[in-house]
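Single-structure report; data block below.
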Amino acid sequence: MTETTPTHYDTLGGEAGIRRLVDRFYDLMDAAPEAVNVRVLHAENLKASREKLFLYLSFWTGGPATYVEQRGHPRLRQRHLPFAIGTRERDEWLWCMDRALGEQAMPDALRSALTLKLHELADFMRNQAEPADHAAARRELPQGPEVVPGN
Ligand code: HEM
């Protein structure tokens, strides 16, 4: 008899567990004032988003690879480029995900590991320069003549 180590997908409760997580995530995004800026990036009806995130997270946690079979290589950053994602949108997305993850039954070690990875992934989706980035870019420009206001 061969014993196989359960995948994260199994530990999260398989299809039903991932659906619960994704549904809670989008229910929060749909209703919470804390998530309005990330909500408006999505279509009015979140059904398609729920299905895509469900398929992606199933694959990502070691479950069925239906997402890749249907949509090809995830290329998640590229797929997010049409949407303006800055720190505000990232943090609102994570606000929903942290709460949804916090409510699901799972070992603490798995919750911490998933939280860490999802924070890294969400940060990777950012595609908007932030004020701090502008300041850094300005410092790299050659210094021009000072413009004195009023002159
Ligand atoms: C950082 C903040 C994020 C924002 C603001 C954001 C927003 C969006 C939006 C507006 C869409 C298009 C609507 C849709 O197809 O559902 C989308 C698609 C998607 N997002 Fe995100 N997202 C973020 C982070 C993430 C992360 C961390 C993941 C993975 C865990 C993820 C997974 C997906 C997937 C799988 C799709 C569908 C892509 C496709 O196959 O077309 N997103 N996201």
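The values are calculated or read from the model by the stated rules, or taken from the named source; none is laboratory data. The structure presented is a predicted model; accordingly, all values stated were derived computationally and were not measured. For neighbour counting, all protein chains shown are included, and Cβ atoms are generated from backbone atoms with ideal geometry for every residue, glycine included.
For segment 53-67, the set of residues classified as touching a Ser or Thr at 6+ places or on another chain (Cβ under 8 Å), assigned to a helix (DSSP H, G or I) and either touching a residue at least 40 places away in the same chain (Cβ under 8 Å) or within 12 Å of ARG19 (Cβ to Cβ) (or both) consists of LEU55, SER58, listed by residue number. Within segment 41-52, being more than 6 Å from the ligand (Cβ to nearest atom), surrounded by 10 or more Cβ atoms within 10 Å (Cβ to Cβ) and part of a loop (DSSP other than H, G, I, E, B) holds for one residue alone: LEU46. Could you grab the pairs with beta carbons closer than 7 Å, sequence gap of 6+ or different chains, first residue in segment 94-111 and in contact (Cβ under 8 Å) with a residue 60 or more places away in the chain and on the phi < 0 side of the Ramachandran plot, second one away from the ligand (no atom under 16 Å from the Cβ) and among the aliphatic types (A, V, I, L, M)? Sorted first by the residue in segment 94-111, then by its partner, the list stays empty.
Please indicate, with yes or no, whether at least one residue in segment 122-132 is at pLDDT below 70, over 18 Å from VAL22 (Cα atoms) and loosely packed, with under 15 Cβ neighbours inside 10 Å. Among the residues of segment 122-132, at least one is at pLDDT below 70, over 18 Å from VAL22 (Cα atoms) and loosely packed, with under 15 Cβ neighbours inside 10 Å, which makes the answer yes. Mind listing whichever residues of segment 81-98 are within 8 Å of the ligand (Cβ to nearest atom), among the aliphatic types (A, V, I, L, M) and either part of a loop (DSSP other than H, G, I, E, B) or farther than 16 Å from LEU28 by Cβ (or both)? Scanning segment 81-98 gives a single hit, ILE85. Applying the condition of being among the hydroxyl-bearing types (Ser, Thr, Tyr) and within 16 Å of the ligand (Cβ to nearest atom) to segment 1-40 and asking which residue is surrounded by the fewest Cβ atoms within 10 Å (Cβ to Cβ) yields TYR9.
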